[in-house]
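The structure appears below as structure tokens.
The values are calculated or read from the model by the stated rules, or taken from the named source; none is laboratory data. Worth saying up front: this structure is predicted, and the values here are computed from it rather than measured. Positions of Cβ are backbone-derived with ideal geometry, glycine not excepted, and every protein chain shown enters the neighbour counts.
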Amino acid sequence: MTDFSYELLKTDGGARLGKITTAHGQIDTPTFMPVGTAATVKAMFPEDVAATGAQICLGNTYHLMLRPTAERIAELGGLHKFMNWDKPILTDSGGYQVMSLTELRKMTEEGVRFRSHVDGSYHMLTPERSTEIQHLLGATITMAFDECTPYPCTKEEAEKSMLLSMRWAERSRKAFVPREGYGQFGIVQGSTFEDLRRHSVEALKEVDFEGYAVGGLAVGEGQELMFSTLDFTTPMMMTNKPRYLMGVGKPTDLVGAVARGIDMFDCVLPTRSGRNGQAFTRRGPVNIRNARHAADHRPLDEECPCPACTQYSRAYLNHLIKAGEILGMMLLSWHNIQYYQTLMQSMRAAIAEGRFEDFQVAFHEEYSGGDIPPL
């Protein structure tokens, strides 16, 4: 076994090239984590997720505690065995999902009592219980339990929420069971207020986690405000620990956040968009449902190595999605995960070669240029 560690290999401006070593293998950063909410990346086989270059995926405490339960997954050998994924898994704490159940939950200092969206049963999620669930799942990276501060909010609301999350972070850390190669991340809160973010960063440093996430962004504030918040937040964060921006995002979000020092990302967008007929390409997003694709024999993206692009035409993909065929959702989900992984690989190469600024210029020029013209 090996210790959980992060090595910063190179910087290029604010962008960072690094390596995380875990009990379940190495993660090259910057990295994008496909979201496997209910122990599956929707519409994809685990081996196909790995084939895109993904080195880590995400599981969800809230959904798995309700169905099939963390205890059952533990009895069956843990989440890695359960979902046939032998690489690292990060589990979120369940806080975001519980906070979104505004009509079905009651929050106190102790934690959150909520009603299941599955069967209406009542549950209590606390920092200790969240950490226990993630331990039962066997998560490589456990997230501290926090309150995801909504946007917009007043500074007073943001401060109250952040301070609660900091108290919960301490309780989460005390409940964490240290094991070789496993880690726990704290979550920086404070909405868009610089002094609150600073307070949060300093409080979390005292607790001493293996990594740190930036939470409370990508919740409706828009890209410009998200970037300006990162501009003052990431420089406050430790340089020798991984930095994770939760729930982000669009390709342009990823490039801009990497430029601002972020190492890890997750988002449902690639697979959700794929299931709804939207594909991300080098030339920007493509709605494959559009009639212009119905007789187009060309590939979605001639440079993409995924099966959707190497084995099928735009016309076929258009047909599958319009007909509601599952294969269409599978192929576009695979393509989108592949696009995201290729984008991360390209950013890692650019940082390694000291040309990240040039990469950004070229990326934005091509991405905003629009799709190839119709036949």
For this session: Mind telling me which of the residues T192, T234, T229 ends up being assigned by TED's automatic domain parsing to the domain that holds G95, in contact with a strand residue (DSSP E or B) (Cβ under 7 Å, 6 or more places away or on another chain), among the hydroxyl-bearing types (S, T, Y) and more than 27 Å from H135 (Cα to Cα)?
Result: T234
For this session: Kindly indicate which of V49, V41 is on the phi < 0 side of the Ramachandran plot, outside any loop (DSSP other than H, G, I, E, B), β-branched (V, I, T) and assigned by TED's automatic domain parsing to the domain that holds R260.
Result: V49
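Conditions tested, residue by residue: (1) more than 19 Å from D48 (Cβ to Cβ); (2) in contact (Cβ under 8 Å) with a residue 60 or more places away in the chain; (3) of a type in the set (D, E).
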| position | (1), (2), (3) |
| --- | --- |
| Y312 | no, no, no |
| H335 | no, yes, no |
| M344 | no, yes, no |
| R348 | yes, yes, no |
| A352 | yes, yes, no |
| E357 | yes, yes, yes |
| D371 | yes, yes, yes |
Problem set entry | Members of segment 244-266 that are in contact with a Lys or Arg (Cβ under 8 Å, 6 or more places away or on another chain) and within 26 Å of T40 (Cα to Cα) | I262, D263, M264
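Restricting the search to segment 256-280, which residues are more than 26 Å from L230 (Cα to Cα), surrounded by fewer than 24 Cβ atoms within 10 Å (Cβ to Cβ) and in contact (Cβ under 8 Å) with a residue 12 or more places away in the chain?
The answer is R275, G277, Q278.
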Seminar exercise, completed: Residues of segment 267-312 being more than 15 Å from Q341 (Cβ to Cβ) and basic (K, R), in sequence order, are R272, R275, R283, R289, R292, R298
Exercise. Given segment 69-141, what strands (runs of 3 or more DSSP E) lie entirely inside it while holding 3 or more residues that are modelled with pLDDT of 95 or more and buried (at least 23 other Cβ atoms within 10 Å of the Cβ)?
Worked result: 89-92
Exercise. Quick one: is V248 modelled with pLDDT under 95 and either over 30 Å from L375 (Cα atoms) or in the same structural domain as G13 (by TED's automatic domain parsing) (or both)?
Worked result: no
For this session: Would you mention how many residues in segment 207-234 are more than 19 Å from Y340 (Cβ to Cβ) and in contact (Cβ under 8 Å) with a residue 60 or more places away in the chain?
Result: 9
